[in-house]
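Trainee: My questions will all concern the structure given below.
The values are calculated or read from the model by the stated rules, or taken from the named source; none is laboratory data. A quick note: this is a predicted structure, and the numbers were derived from the prediction, not measured. Note that we place each Cβ from the backbone using ideal geometry, even for glycine, and neighbour counts take in every protein chain shown. To get the accessible areas, we keep the full protein, side chains included, count just its heavy atoms, and leave off ligands, DNA and RNA. Shrake-Rupley method; radii C 1.70, N 1.55, O 1.52, S 1.80 Å.
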Amino acid sequence: MLKKNLLSIAVVTAAMSLAACNDTETVTEPTEPEATEEMAVEPVAETEAVEAEPMAEMDMEATQTIAEIAAENENLTILTAALQAAGLDTMLMEETKHTVFAPTDDAFAPVLEKLGVTKEELLANTDLLKTVLPYHVLAMEVKAADIPYGTEIETANGKTITISEDNVITDATGNTANITGTDIMATNGVVHTIDAVLMPE
């Protein structure tokens, strides 16, 4: 009878140890996380592809001179005609860097009224144009971010202007003009549009 009891105990012990082995196997069995790690590598390739896109912006280079930009701008027709009448358009086609504060067509209306002349009569007065137009030109390239606010800036005709931090130009007569457009880049400088004609005296 003792033998039977010992045999029964042995069988139970063997069964328990087998069950324990099965439990251990169940715990060590999952190998799926390894597959998950492999899948986590994929987003890296996507990130590299996205980073290359901003390179397209590098192609935004100027292809026209200041004179060519003015000639193609529908709001600068009077300025273009005035430059051509005064023979100053060739200066703005050279490689030398310039900055032009370009009065729009609307900016010329008060000048025509003040002088009591027509556009054609203004364009015929080349002496006046040769005095006034260079006053809108700087003999260097000055982008909007580089404008020396509050200091006198010498223009191409030797007279000075000042520009406030609000982008308002004051000329030699005390009149003002607002800078309405900035940094129109040319191969030989930059154009800023203004809403009034500057007068040197």
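Trainee: With a 1.4 Å probe and every protein chain kept in, tell me what percent of the accessible surface of segment 142-201 is carbon plus sulfur.
Mentor: Exposed carbon and sulfur together represent 42 percent of the surface.
Trainee: Shifting gears a bit: In Å, what Rg and Dmax follow from the Cα atoms of segment 93-201?
Mentor: 13.5, 38
Trainee: Now a separate question. What is segment 53-149 by shape, rounded, prolate or oblate, if you read a ≥ b ≥ c off the alpha carbon gyration tensor as root eigenvalues and call it rounded for a/c under 1.5, prolate for a/b larger than b/c, and oblate otherwise?
Mentor: Since a/c reaches 1.5 and a/b is larger than b/c, the shape of segment 53-149 is classed as prolate.
Trainee: Are there GluC sites (Glu not before Pro) in segment 95-124 that DSSP puts in a loop and that have at most 16 other Cβ atoms within 10 Å, and which ones?
Mentor: Glu95
Trainee: Could you work out how far apart the two model spin labels at Asp183 and Glu113 are, taking each label as a point 7 Å from the Cα in the direction of the beta carbon, and quote it in nm?
Mentor: It works out to 3.4 nm between the two label points.
Trainee: Going by amide H atoms built from the backbone, whose H comes under 5 Å of the H on Gly189, apart from near neighbours?
Mentor: Those qualifying (amide H under 5 Å, at least 5 residues apart or on another chain) are His98.
Trainee: So for the pair Thr160, Glu121, with labels modelled 7 Å out along Cα→Cβ, what separation do we get in nm?
Mentor: With each label point 7 Å from Cα toward Cβ, the separation is 3.5 nm.
Trainee: Here is a further query. I'm a student and want to see the number: the projected area of the Cα convex hull of segment 63-110, averaged over all directions, in nm².
Mentor: If you wrap the Cα atoms of segment 63-110 in a convex hull and average its projections, you get 3.4 nm².
Trainee: Also: List every residue whose amide H lies under 5 Å from the amide H of Ala102, counting only residues 5 or more places away in sequence or on a different chain, with H placed 1.01 Å from N in the peptide plane.
Mentor: His192, Thr193, Ile194
Trainee: On to the next question. Kindly write out, for segment 122-138 in residue order, the coupling ³J(HN,Hα) from the Karplus curve 6.51 cos²θ - 1.76 cosθ + 1.60 (θ = phi - 60°), rounded to whole Hz, with x marking Gly and Pro.
Mentor: With coefficients 6.51, -1.76 and 1.60, one gets 5, 5, 7, 8, 5, 4, 5, 5, 5, 8, 7, 4, x, 5, 9, 10, 10 Hz.
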